[in-house]
Amino acid sequence: QVQLVESGGGLVQPGGSLRLSCAASGLTFTRRDIGWYRQAPGKQRELVARVSSNDVPNYADSVKGRFTISRDNAKNAVALQMNSLKPEDTAVYYCNVLLHGKDYWGKGSLVTVSS
């Protein structure tokens, strides 16, 4: 059974940093496309960052230069380092992987950026 578990969210002041982690069980993250998405209140879920099977990262324009996605193969996890956070980054952040034609999602981790 595939499970994704996000962690690392919380409350941070504008300009601060957080590091999210997505740990997987039931599958190996190695050589798979993995994505981080977010959903703010009243808005649609949007792609934040993705790392391809050959480790090429892509970012939404809104987070370029501030967020970094990376793999930790030893822990079978994918991290999202978020720096220079802004109030508009407030959202629930979800990890996503496509496996055998099916999308898998974690339950999400809430990030709140507020003074």
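The values are calculated or read from the model by the stated rules, or taken from the named source; none is laboratory data. Keep in mind that what you see is a predicted model, and the values were worked out from it rather than measured. Because the Cβ atoms are built from the backbone with ideal geometry, glycine has one as well, and the counts that use them run over all protein chains shown. Side chains are part of the model used for accessible areas, which takes the heavy atoms of the whole protein and leaves out ligands, DNA and RNA. Shrake-Rupley method; radii C 1.70, N 1.55, O 1.52, S 1.80 Å.
Computed quantities for the displayed model
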read-out	value
Among (1) in contact with a Gly (Cβ under 9 Å, 6 or more places away or on another chain); (2) surrounded by fewer than 18 Cβ atoms within 10 Å (Cβ to Cβ) - the single one Lys102 does not satisfy	(1)
Condition broken by Val92, with the remaining ones in (1) part of a loop (DSSP other than H, G, I, E, B); (2) of a type outside the set (S, T, N, Q); (3) open to solvent by 30 Å² or more (accessible area, probe 1.4 Å); (4) modelled with pLDDT of 95 or more satisfied	(1)
Selected residue (criterion: surrounded by the fewest Cβ atoms within 10 Å (Cβ to Cβ)) from residues of region 5-44 that are under 14 Å from Leu80 (Cα atoms) and hydrophobic (A, V, I, L, M, F, W, C)	Val5
Members of region 3-52 found to be among the hydroxyl-bearing types (Ser, Thr, Tyr) and either assigned to a loop (DSSP other than H, G, I, E, B) or touching a His at 6+ places or on another chain (Cβ under 9 Å) (or both), listed by number	Ser17, Thr28, Thr30, Ser52
Check on Val97, open to solvent by less than 20 Å² (accessible area, probe 1.4 Å) and not basic (Lys, Arg)	yes
Pick from region 58-71, criterion in a strand (DSSP E or B) and open to solvent by less than 60 Å² (accessible area, probe 1.4 Å), ranking: nearest to Thr112 (Cα to Cα)	Phe67
Residues of region 74-89 satisfying the condition of being among the polar types (S, T, N, Q) and either farther than 14 Å from Val48 by Cα or in a helix (DSSP H, G or I) (or both)	Asn76, Ser84
